[in-house]
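Right, one structure below, let's go through it.
The values are calculated or read from the model by the stated rules, or taken from the named source; none is laboratory data. Owing to the predicted nature of the structure, the values given are computational and were not obtained by experimental measurement. No Cβ is skipped: glycine too gets one built from the backbone with ideal geometry, and neighbour counts run over all protein chains shown.
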Amino acid sequence: MSANPITSAEDLSINQTTVDLNNHVYDQLELLSEMSRDFAASRDIEASLARAVQHITDHVNAEGGALFLLEDEGATLKCHGSVGMTDITGITLNSDQGIVGRCVQSDKAEIVRDVADDPNFHKGVDDETGYTTRSILCAPMRVKGERIGAIELINKRVGDGLFEESDLHLLEAMSASAALAIHNARMADALVEQEKLARELELAAEIQRSLLPDGNDGITEVRGINIPARTVSGDFFDYFQLDDKRIRFNLGDVSGKGMNAALLMAKTSSLYRCLGKTIDQPGKLLGRVNAEICETATRGMFVTMVGGIYDPRSGIVRMSNAGHEPPLFRTAEGEYTDFEAEMPPVGITTFLGDSDEYPELELRLNGGALYIFTDGVTEGYLEDGKEFGVEGVKGLLDDLSSVEPGSRLEQVVRKVNWGTDKLRDDLTMLVIDDAAAFKERSKSKSIDVVSSAAADLNSDEIMRITVPARADRLKLVRNWVFETARFCDCSEDTSHGMVIAVDEALQNIIRHAYKNSGIGDIDISIQRSDEKLIIVIRDYAETIDTETVRSRDVEDVRPGGLGVHFIQEVMDEAGFMPPPEGGGNVLRLVKQIQ
């Protein structure tokens, strides 16, 4: 009959040790699991760090503990959690200072059984608090070679207060787990911040898009397009119609990238639109915008931009260029002219000369198109990988000249971005296409010959001047006509219309009658008869055949002779008088005082 052997005391001791060891491992794993759950569940990393230090300190049965994290790109160690008799949370050390610094730099856990024998022991805290440190346990925290910091424990609660090797192994395991939890928490926070930033950028982009014209404003002569290289853009364009049917426009490029550039873009564009409703002259308007940007813009940031005004009734553009890419004018015949900037960008300096205004350029489109664009267009890629440059842009515009303006710009930027997944820079382009307005102005109309009896001989002459037949004298005439019309109680709009009509007539006389020779005079008389003004313009050139003075067919797009239709539209009467003695030509224009 067999019997179970009697278990010896030694066997019972071994079994109890195994149970204790298993319980110890189980407790350790439970602690690590609890720490990981705490970091994952809480968005407050600082609070989680403090709880982790408490758990580890209690588990190792130490009197105190502290968790240090590397900061300032690894230059310092800062305590983010502390438990025990002395609270050192917030204390900052050099990353190589003290035992904790040595542990981080060597990336090795260590036990200092008696700190009195260690020259690296930092006595500052003991001196300040009166606390006595006998033994220190320290383990570094790292993840995939990335150093994060270290956990330091002070004085064991039992026995002689000195730590054992088993305590060191336990702290190493806990430090590794804490490092992973901190790393994951930081990654989660970074993802949250990235998502938040992405939402904010998308909101900023939406606001930017709302500042751009949507193309549903009924304006067909001006079109623009903006393709950001990133979520937000530093480029902008705008155009809007004034009460007198003229169209204000601008296009700009802010230095730099990102949110700062986007904010400056929004401010500059909004300023230009707001001030552009009350300030007529493009140079003066750009000067006012420049003064404001110089006062408030971030140091070193500036804006290159072109701003101006286009009149579809005459085809005249007046514009100013603040350090921007030269605008490109394509005539109806396909010839190109560019216009270099004469002044620095907006935001550089408020000193722009005697008037603190930007110089203005006046251009007659005569059925052509004016293109304004940022350097992202000229720096685009050809199919072979080379940059487009200005010549490449010209080639595209030639190929697309018959395409409607909005579609033309879309095709240009599509070609510029050939075969690339990511834009090098924002693409922004604006076109002022005078073809349709030119067609309306060019409908065939002639100026009739009126008899001398219809010349209102009893009218009172208000003013008379004689000027040389030179284009550089026309500005003086325009000012004189405007002021005289206002003196005679004409409204501002009526006065502006008379100025343009007279200017058209004088341009034709200088160009065709005197053939741009600069030799000869032009007499201009303004008379008043009841409620109308009579303007009589006489030249001394060869007498013309009045039947030839008419707007040409639309297909004939040669320069010159384009103002006849407009003169008739603006003035109530327009006609040639019989040739005077001595030769020459006399044009009579009549406008009701309004």
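Table: residues versus (1) in the same structural domain as P579 (by TED's automatic domain parsing); (2) of a type in the set (A, V, I, L, M, F, W, C); (3) farther than 21 Å from P580 by Cβ.
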| residue | (1), (2), (3) |
| --- | --- |
| R464 | yes, no, no |
| I500 | yes, yes, yes |
| N516 | yes, no, yes |
| V536 | yes, yes, no |
| A541 | yes, yes, no |
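Against the definition (modelled with pLDDT of 85 or more and in the same structural domain as D253 (by TED's automatic domain parsing)), how does V412 come out, yes or no? For V412, the condition - modelled with pLDDT of 85 or more and in the same structural domain as D253 (by TED's automatic domain parsing) - is met. None of G334, G323, G368, G353 is under 22 Å from the mean Cα position of the chain (by Cα) and among the small types (G, A, S) except G323. The residue list G276, G252, G256 contains one member that is within 22 Å of D426 (Cα to Cα), within 21 Å of the chain's Cα centre (by Cα) and crowded, with 18+ Cβ neighbours inside 10 Å, which is G252.
For every residue, the table says whether it meets (1) modelled with pLDDT under 85; (2) among the charged types (D, E, K, R); (3) closer than 24 Å to S135 by Cβ.
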| position | (1), (2), (3) |
| --- | --- |
| S36 | yes, no, no |
| A52 | yes, no, yes |
| T57 | no, no, yes |
| T76 | no, no, no |
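Find the strands (runs of 3 or more DSSP E) located wholly in the range 275-331 whose residues include 1 or more that are within 19 Å of I348 (Cβ to Cβ), and list them. The strands (runs of 3 or more DSSP E) meeting that bar are 303-311, 316-322.
Yes/no matrix, rows are residues, columns are (1) part of a strand (DSSP E or B); (2) assigned by TED's automatic domain parsing to the domain that holds Y131; (3) out of contact with any strand residue (DSSP E or B) (no Cβ under 6 Å at 6 or more places or on another chain):
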site: L77; (1), (2), (3): yes, yes, no
site: I99; (1), (2), (3): no, yes, no
site: R102; (1), (2), (3): no, yes, yes
site: I111; (1), (2), (3): yes, yes, no
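Here A453 qualifies as over 19 Å from L506 (Cα atoms), among the small types (G, A, S) and either over 31 Å from the mean Cα position of the chain (by Cα) or at pLDDT 70 or above (or both).
Is there a residue being part of a loop (DSSP other than H, G, I, E, B), at negative phi, crowded, with 17+ Cβ neighbours inside 10 Å and of a type in the set (S, T, N, Q) anywhere in the range 134-146? Yes, the conditions are met somewhere in the range 134-146. Checked against (1) surrounded by fewer than 17 Cβ atoms within 10 Å (Cβ to Cβ); (2) among the charged types (D, E, K, R); (3) touching a Leu at 6+ places or on another chain (Cβ under 8 Å), D244 meets all criteria but (3). Under the condition of being basic (K, R) and in contact (Cβ under 8 Å) with a residue 60 or more places away in the chain, the residues counted in the range 314-363 number 1.
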